[in-house]
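The values are calculated or read from the model by the stated rules, or taken from the named source; none is laboratory data. On a predicted model such as this, the values are computed, not experimentally measured, just so you know. No Cβ is skipped: glycine too gets one built from the backbone with ideal geometry, and neighbour counts run over all protein chains shown. Accessible surface is based on the protein model in full, side chains and every heavy atom, while ligands, DNA and RNA are left aside. Shrake-Rupley method; radii C 1.70, N 1.55, O 1.52, S 1.80 Å.
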Amino acid sequence: MQALVVPDPSAQTMEQLQWQERPMPNLGPTEVLIKTPAVGLNPVDFKLVAAGNAAWQYPHTLGLDTAGIVEAVGAEVTNFRPGERVCGHANLANNGTFAEYVSLPAAAASLCAGLTAYQALLRKANLNAAQTVLIHAGAGGVGSMAIQLAKAAGKTVFTTVSQAKQAFVAPLHPDAQIDYHHEDVTTRIQDLTQQHGVDLLINTIGHADADLPRLAYNGQLVCVLATPDHFPSNQVVTISKLDLGGAHRSGNPAQVADLGQMTAALLALVQAGKVDPLITQVLHRDQLVTGLQQLQAGQVVGKLVVTFDAC
């Protein structure tokens, strides 16, 4: 089968990635083998090219998201059957999804951007204690999904978006868009909240220390990347760290199973028309590296999908 790989540890750029013929994945007793018609691209994919992972064996197949058809199931799998349509989120330490076939744990069906947003809002945050929400990077995959989920929960939603991408975000109906290139985000948030700050802040961009002055008393900060370097002694706040893929490394089967439970809830919202995955571009397999380069350059709004059909 064909797979997009990091050929060796010295390959740390997009230009060094290669399509190679690789063996079919081994199917463990609790895994499903998936034929891959389509994959989703995420910023973590290009970041992993540069950063690597100590657990990798080379050549290493990239990719975290997939949507496909069950080809075969392991001996202990009872909740999936060949021919079923599934989606999955891979363990970044193992070979990934940018291949014609992939094997994944049967309990781990999930998608990176949507599930990151879902986990941030509906697992990490206490929405009962939040009325106002600031979501960074509202035009991105995580941010655009988080806006929709927060609005569906009845929250007042503010988001940071460059002026060039505000037209894309407008149909999601955030209560305010803040152009972080030309506006002081902290000042604007204070103005929007009568100088109280927001009850909940979803940070998808890093530099979390800058968000502390934007939080209300008893505010909540959920960080997809690094948490603040210093916990504020003069504020009453809650700080949470999110690591979707950490469920695979936890050794806790309940945490891995929760990926599937969150996926079912998220897909039900998509099916009901309450959440739009916002696929803005569909590329062919041969354009996958180009898609990663577009993500790396900040040229993407919404979600990029790559198809493996007719390869």
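Descriptive notes on the structure:
- There is no residue in the stretch 229-237 that is more than 28 Å from Leu111 (Cα to Cα), open to solvent by less than 70 Å² (accessible area, probe 1.4 Å) and small (Gly, Ala, Ser).
- Given (1) open to solvent by 70 Å² or more (accessible area, probe 1.4 Å); (2) at pLDDT 95 or above, number of the condition Val222 does not satisfy: (1)
- Test: residue in the stretch 198-209 that is modelled with pLDDT under 95 and open to solvent by less than 20 Å² (accessible area, probe 1.4 Å): yes
- Evaluation of Asp8 against (1) part of a loop (DSSP other than H, G, I, E, B); (2) open to solvent by less than 50 Å² (accessible area, probe 1.4 Å) (one fails), failing number: (2)
- The single condition from (1) in contact with a Gly (Cβ under 9 Å, 6 or more places away or on another chain); (2) open to solvent by 10 Å² or more (accessible area, probe 1.4 Å); (3) assigned to a loop (DSSP other than H, G, I, E, B) that Gly83 fails is (1).
- Scope the stretch 156-176; condition open to solvent by 20 Å² or more (accessible area, probe 1.4 Å), part of a helix (DSSP H, G or I) and in contact with a strand residue (DSSP E or B) (Cβ under 7 Å, 6 or more places away or on another chain); matching residues: Gln166
- Check on Thr116, hydroxyl-bearing (Ser, Thr, Tyr) and either over 28 Å from Thr36 (Cα atoms) or surrounded by fewer than 24 Cβ atoms within 10 Å (Cβ to Cβ) (or both): no
- All of Ala153, Ala93, Ala99 fail the test of being surrounded by 22 or more Cβ atoms within 10 Å (Cβ to Cβ) and in contact (Cβ under 8 Å) with a residue 24 or more places away in the chain, apart from Ala99.
- Of all residues in the stretch 244-258 being touching a residue at least 60 places away in the same chain (Cβ under 8 Å) and within 18 Å of Val222 (Cα to Cα), the one that is nearest to the chain's Cα centre (by Cα): Leu244
- Counting only residues that are assigned to a loop (DSSP other than H, G, I, E, B) and open to solvent by 40 Å² or more (accessible area, probe 1.4 Å), the stretch 20-42 holds 7 of them.
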